[in-house]
1. Residue pairs, Cβ under 7 Å, 6 or more apart or interchain, first in the range 95-106 and over 16 Å from I66 (Cβ atoms), second at pLDDT 95 or above and open to solvent by 70 Å² or more (accessible area, probe 1.4 Å). List them.
2. If I filter the range 72-106 down to residues being part of a strand (DSSP E or B) and within 11 Å of the chain's Cα centre (by Cα), which single residue comes out as surrounded by the fewest Cβ atoms within 10 Å (Cβ to Cβ)?
3. Taking the range 11-48 only, how many residues are in contact with a Lys or Arg (Cβ under 7 Å, 6 or more places away or on another chain) and of a type outside the set (F, W, Y)?
4. Could you check the range 6-35 and list, in sequence order, the residues that are surrounded by 13 or more Cβ atoms within 10 Å (Cβ to Cβ), among the polar types (S, T, N, Q) and assigned to a loop (DSSP other than H, G, I, E, B)?
5. Quick check on the range 36-71: of everything there that is part of a loop (DSSP other than H, G, I, E, B) and more than 21 Å from the chain's Cα centre (by Cα), which residue is nearest to V14 (Cα to Cα)?
6. Hey, could you check the range 51-106 for residues that are in contact with a Cys (Cβ under 8 Å, 6 or more places away or on another chain) and among the β-branched types (V, I, T) and say which is farthest from A23 (Cα to Cα)?
7. Which members of the range 57-71 meet the condition of being touching a strand residue (DSSP E or B) at 6+ places or on another chain (Cβ under 9 Å) and open to solvent by 30 Å² or more (accessible area, probe 1.4 Å)?
8. Suppose the filter is touching a Ser or Thr at 6+ places or on another chain (Cβ under 9 Å), hydrophobic (A, V, I, L, M, F, W, C) and under 23 Å from Q4 (Cβ atoms); does A76 pass it?
Amino acid sequence: MVNQNTIITAMQQVTIGADCMLAPGVYILDVDHKFESRERPIRDQGYRTSAAKIGDDVWLGAVVFILKGVTTGNGAIIAANSVVIQDVPPFTIFGGSPARKLRDRN
């Protein structure tokens, strides 16, 4: 189930498993800007890409950001208003900005 205002940006690859729930306002991105040079505008420096992978039976709360290179394991839950910058193990609950492990799913 994908709710309104969900944005998926895929320059390389975004995969979403079976039986996932994406609440309103979820962003899933496999790209961000390069910014190493101070002499060139950021918009002219190109992009970095790395696949974003969402496992099966994952619940992404409202306004969750999944950034490039992140794998979210099967059965994981991401709390609303979280920014996920690291892999999420299966059957764990993550939340915050940046998201961190809150507990395991029992």
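The values are calculated or read from the model by the stated rules, or taken from the named source; none is laboratory data. These figures come from a predicted structure and were not determined experimentally. In this analysis, Cβ positions are derived from the backbone assuming ideal geometry, glycine residues included, and neighbour counts consider all displayed protein chains. Protein only, heavy atoms only, side chains kept; ligands, DNA and RNA dropped before computing areas. Shrake-Rupley method; radii C 1.70, N 1.55, O 1.52, S 1.80 Å.
1. Short answer, once both residue conditions are applied: D104/F91; R105/F91.
2. Our first condition is that a residue be part of a strand (DSSP E or B); within the range 72-106, this holds for 72, 77-78, 83-84, 88, 92-96, 99-104.
Right, trim to within 11 Å of the chain's Cα centre (by Cα) and you get 72, 78, 83-84, 88, 99.
On the way: T72: 29, I78: 28, V83: 15, V84: 25, V88: 23, A99: 24.
If we take residues in the range 72-106 being part of a strand (DSSP E or B) and within 11 Å of the chain's Cα centre (by Cα), then V83 is surrounded by the fewest Cβ atoms within 10 Å (Cβ to Cβ).
3. Keep residues of the range 11-48 that are in contact with a Lys or Arg (Cβ under 7 Å, 6 or more places away or on another chain), which gives 15, 29-32, 34, 45-48.
From the residues that got through so far, the ones that are of a type outside the set (F, W, Y) too are 15, 29-32, 34, 45-46, 48.
Summing the residues that are in contact with a Lys or Arg (Cβ under 7 Å, 6 or more places away or on another chain) and of a type outside the set (F, W, Y) in the range 11-48 gives 9.
4. Those that are surrounded by 13 or more Cβ atoms within 10 Å (Cβ to Cβ), among the polar types (S, T, N, Q) and assigned to a loop (DSSP other than H, G, I, E, B): T6, Q12.
5. Just the residues of the range 36-71 that are part of a loop (DSSP other than H, G, I, E, B), to begin with: 36-41, 45-46, 50-51, 55-58, 61-64, 67-70.
The next check asks that each one be more than 21 Å from the chain's Cα centre (by Cα); those that pass are 36-41, 45.
Values: E36: 25, S37: 28, R38: 30, E39: 32, R40: 29, P41: 27, Q45: 23 Å.
Looking at residues that are part of a loop (DSSP other than H, G, I, E, B) and more than 21 Å from the chain's Cα centre (by Cα), I get Q45.
6. Looking at residues that are in contact with a Cys (Cβ under 8 Å, 6 or more places away or on another chain) and among the β-branched types (V, I, T), I get I54.
7. Restricting attention to the range 57-71, the residues satisfying the condition of being touching a strand residue (DSSP E or B) at 6+ places or on another chain (Cβ under 9 Å) are 57-61, 63-71.
Scanning the range 57-71 gives D57, W59, V63, F65, L67, K68, G69, T71.
8. Values: touching a Ser or Thr at 6+ places or on another chain (Cβ under 9 Å): yes; hydrophobic (A, V, I, L, M, F, W, C): yes; under 23 Å from Q4 (Cβ atoms): yes.
Taking the combined requirement at face value, the residue satisfies it.
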